[in-house]
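Note sheet for the following structure.
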Amino acid sequence: EFGSFLIQTAAFNATVGSRYGVNTSSAVVTATLPASPSAGDAIFFMDAGGAFATNNLTLARNGNTIMGAASDLTVTVNNDSVGIVYNGSTWRTYG
């Protein structure tokens, strides 16, 4: 069973197990990832406004790495979607 997408249009704290439709039509949006994830935790993001190239989605790493890098992840492709899963040592992207 699939849950609903939570629509976000401004900065927010992402919750494990949630699916977000992020609308950046009006402004850049930052999603702050959980600070203390557990292995297997996952979150999904999709472009609800078709504007990631104009106003990016930033996944703020909140002290953890993303794909092994100590930097935030910026999503810059219109209509893109990205999922992340914590493997026990870093957030990994899928999608």
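Kindly provide the set of residues from region 33-46 that are open to solvent by 40 Å² or more (accessible area, probe 1.4 Å) and out of contact with any Ser or Thr (no Cβ under 8 Å at 6 or more places or on another chain), ordered by number. Please lay out each step first, then the result.
Residues of region 33-46 that are open to solvent by 40 Å² or more (accessible area, probe 1.4 Å), as a first pass: 35-36, 38-40, 44, 46.
Correct list: A35, S36, S38, A39, G40.
Filter region 47-95 down to the residues that are open to solvent by less than 70 Å² (accessible area, probe 1.4 Å), without any contact (Cβ under 8 Å) to a residue 24 or more places away in the chain and assigned to a strand (DSSP E or B) and list them by number.
Matches in region 47-95: A69, L73, T74.
Inspect region 46-59 for any residue being of a type in the set (D, E) and touching a Lys or Arg at 6+ places or on another chain (Cβ under 8 Å) and give the result as yes or no. Break it down into steps so the answer makes sense when it comes.
Our first condition is that a residue be of a type in the set (D, E); within region 46-59, this holds for 47.
Filter once more, keeping what is touching a Lys or Arg at 6+ places or on another chain (Cβ under 8 Å): none.
No, that holds for no residue.
So S26 fits all but one of (1) touching a Phe, Trp or Tyr at 6+ places or on another chain (Cβ under 9 Å); (2) over 14 Å from W91 (Cβ atoms); what number is the exception?
(1)
Which of the residues that make up region 1-32 are part of a loop (DSSP other than H, G, I, E, B), open to solvent by 30 Å² or more (accessible area, probe 1.4 Å) and under 16 Å from N55 (Cα atoms)?
To start, the set of residues in region 1-32 that are part of a loop (DSSP other than H, G, I, E, B) comprises 1-5, 9-11, 14-18, 23-28.
This time we only want the ones that are open to solvent by 30 Å² or more (accessible area, probe 1.4 Å), so: 1-5, 9-11, 15-17, 23, 25-28.
Within region 1-32, T9, A10, A11, N23, S25, S26, A27, V28 meet the criteria.
The values are calculated or read from the model by the stated rules, or taken from the named source; none is laboratory data. Values in this document were obtained by computation on a predicted structure and should not be read as measured data. Don't worry about glycine lacking a Cβ; one is built from the backbone with ideal geometry, like all the others, and counts go over all protein chains shown. Surface areas here come from the heavy atoms of the whole protein model, side chains and all, with no ligands, DNA or RNA. Shrake-Rupley method; radii C 1.70, N 1.55, O 1.52, S 1.80 Å.
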